[in-house]
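What follows is calculated from the coordinates using simple rules that are stated; it is not laboratory data. In this text, all values refer to a predicted model and were calculated from it rather than measured experimentally. Cβ atoms come from the backbone with ideal geometry, glycine included; neighbour counts cover every protein chain shown.
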Amino acid sequence: MIKGQLVGLRAIERADLAQLMQWRNEPNLRKFFRETNELNSSNQAKWFDSIININSTNKMFAIIKLESNELMGACGLCYIDWVNKSADFSIYLGYEDLYIDEVYAVEAANLMKNYGFSVLNLHRLWAEIYSIDDKKKIFFNSLGFKLDGKFRETYWFDNEWHDSLFYSLLSTD
């Protein structure tokens with residue numbers, strides 16, 4: 001387990017899947033995810049099987065509240081490109097409908113950044129979010145990520161188009 005002061009990052013277990021799926025299917029959270037379809041247990045099991053594969057290009061972790069050992073959410077590095085040393089940074093908290101906050105999410109993200117840069121020796125972490133995701137805009141800016149650019153009108157939600165915003169952080173930043 002990777003431990004901070006308040007949260008820890010540990011391997012996702014099969015026993016976590018039902019709770020993670022419930023959070024991922026919450027409409028108030030799902031609108032911010034690339035996978036906007038409601039997930040079923042088969043989808044969740046296939047995802048889990050893909051991330052536990054030793055050769056996976058995804059390193060996903062459960063976010064745990066250390067004082068109670070409660071599952072809070074998930075974070076990880078996805079689509080790892082070992083040649084170019086880059087990965088997509090993913091994080092959310094389903095616990096108490098936090099999604100992203102200034103305490104637990106920030107600590108989990110800092111643990112994940114350190115893991116990506118110091119342990120995996122990556123050079124670049126990046127994230128794609130939608131322009132409607134105001135919490136993550138503030139979040140990524142607070143972590144030192146820079147807005148690299150946007151793809152216009154990539155996401156149809158609530159009867160209108162929204163942009164995809166791309167953020168990145170370099171190991172040298």
- prompt: Going highest first, how would you order 48-54, 122-128 by mean Cβ packing within 10 Å?
  reply: 122-128, 48-54
- line: Expressed in nanometres to one decimal, the distance between label points 7 Å along Cα→Cβ at residue 28 and residue 102 is 1.9 nm
message: Counting C-alpha atoms alone, how compact is the chain: give Rg to one decimal and Dmax as a whole number, in angstrom.
response: 15.4, 43
statement: Cα-Cα longer than 26 Å, checked against 3/46; 59/137; 113/137; 65/85; 31/59, kept in input order, equals 3/46; 65/85
- request: Would you mind classifying the range 1-51 by shape? Square roots of the alpha carbon gyration tensor eigenvalues, ordered a ≥ b ≥ c; an a/c under 1.5 is rounded, otherwise it is prolate if a/b is larger than b/c and oblate if not.
  value: oblate
statement: Interchain or sequence-distant (5+) residues whose placed amide H lies within less than 5 Å of the amide H of residue 7 are 66
query: Over the chain, what is the relative contact order in whole percent, taking alpha-carbon pairs under 8 Å and six or more residues apart?
result: 18 percent
Size of electric dipole in the chain: Cβ of Lys, Arg +1 and of Asp, Glu -1, about Cα centre, debye, nearest 20: 540 debye
- request: Choose one of 118, 166, 25: the residue whose Cα lies farthest towards the positive end of the charge dipole of the chain (beta-carbon charges +1 Lys, Arg; -1 Asp, Glu; about the Cα centre).
  value: 118
